[in-house]
1. With 10 Å bins from zero, work out the P(r) of the protein assembly as shown over every alpha carbon pair and list the percent per bin.
2. Given Cβ point charges of +1 (Lys, Arg) and -1 (Asp, Glu) and nothing else, what value in debye, to the nearest 20, does the dipole of chain B about its Cα centre take?
3. Among A:Tyr76, B:Tyr23, rank each residue by its count of other Cβ atoms within 10 Å, from fewest to most, as a rough exposure measure.
4. Calculate, in nm to one decimal, what B:Trp51 and B:Arg65 gain on full extension: separation in residues at 0.36 nm each, minus their alpha carbon distance.
5. Could you compute the net charge surrounding A:Leu57? Neighbours are other residues with a C-beta less than 12 Å from the C-beta of A:Leu57; K and R count +1, D and E count -1.
6. Thinking of the range B:80-144 as a set of Cα atoms, what percent of all their pairs are more than 15 Å apart?
7. Could you run the Debye sum over the Cα atoms of the range B:27-140, one equal point scatterer each and no solvent, and tell me log10 of I(q)/I(0) at q = 0.17, 0.19 Å⁻¹, two decimals?
8. Compute the distribution of all C-alpha to C-alpha distances in the range A:19-118, in bins of 5 Å from 0, and list the percent of pairs in each, rounded to whole numbers.
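Here, each number is a calculation from the coordinates, and none is a lab measurement. Since we're looking at a predicted model, the values are computed, not measured. Virtual Cβ from ideal backbone geometry, glycine too; neighbours counted across all protein chains shown.
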Amino acid sequence: MAVNYGSRRLVVGAHYGVRDWIAQRVTAALMAIFTIVVLARFLLTSGPVGYDKWAGLFAGQGMKMLTFATIVALLYHAWVGMRDIWMDYIQPVGVRLALLILTIIYLVGCAGWAVQVLWRV
Amino acid sequence: MTEIAKKRPEFRNIHAFGDLPGYRWPAASIASGMHRISGLLLFLAMPFIIWMFDTSISSEISFARFRSAFNKGLWIFPGVLVKLLALALIWAYLHHFICGLRFLWMDTSHAAVTKQFGASSAKFTIVASLLLTLVLGAKLFGLY
């Protein structure tokens, strides 16, 4: 069988990077929608926004679903972006691997915290 | 006799500090570079952003703590510094948002990737995000 790995690896065809590329776009669109929804609801609130009205924004189940999906989208989006940054600027493989691992831990931890806060409302 | 091929230069990774200052930086490059910087900033500040989400939303008491962080300060940091960080994040979000929409537009429209439109939309992105930052920053620092 023909060798298709190493230097002869097939570099076109089966989504090498396209999946992450398109995921970054889709997650961006979702976060943009979330931003517009929060902004619109914030601006349409009459009177000064204190604690009650601010927390009230996230109280409904529909908003919780949208916010949760946005948190997950942010996790993935930031992962793709940070991976791009580490791959562009960090050459030593060991350092890069360590940074990629730390990025995953950091992002998953942050997402967990955000989700916990969301269900506290 | 075959000539030994001259060793051709290989371009693999950017040596950030060595290569980047030597590049030509038209508006589109600046917008793109700022997109990366603002993204990195938002990534690094994520714990602070979630802390703001946490304290502002969890209870009346934590909401008061959230407000006092901007007026009286947080931990060892004075309120002004907290506001400056918030201002930097406001810029980062605005730039990342507007520039991101620009990229989405360019991904879906051939008309958006012409040289002229690329330059003008990049300038619009940079200026609009800075102006909006000024407007919101003035509000943050209580100028109106």
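1. Histogram of Cα-Cα distances, whole percents per bin: 6, 22, 33, 23, 11, 4, 2, 1, 0.
2. Dipole of chain B, to the nearest 20 debye: 280 debye.
3. Final ranking by Cβ density, sparse to dense: B:Tyr23, A:Tyr76.
4. 3.9 nm
5. Surrounding charge for A:Leu57 is +2.
6. Roughly 56 percent, once rounded to a whole number.
7. Taking Cα atoms of the range B:27-140 as identical point scatterers yields -0.85, -0.97.
8. Here the calculated profile for the range A:19-118 is 2, 12, 18, 18, 17, 12, 9, 6, 4, 2, 0.
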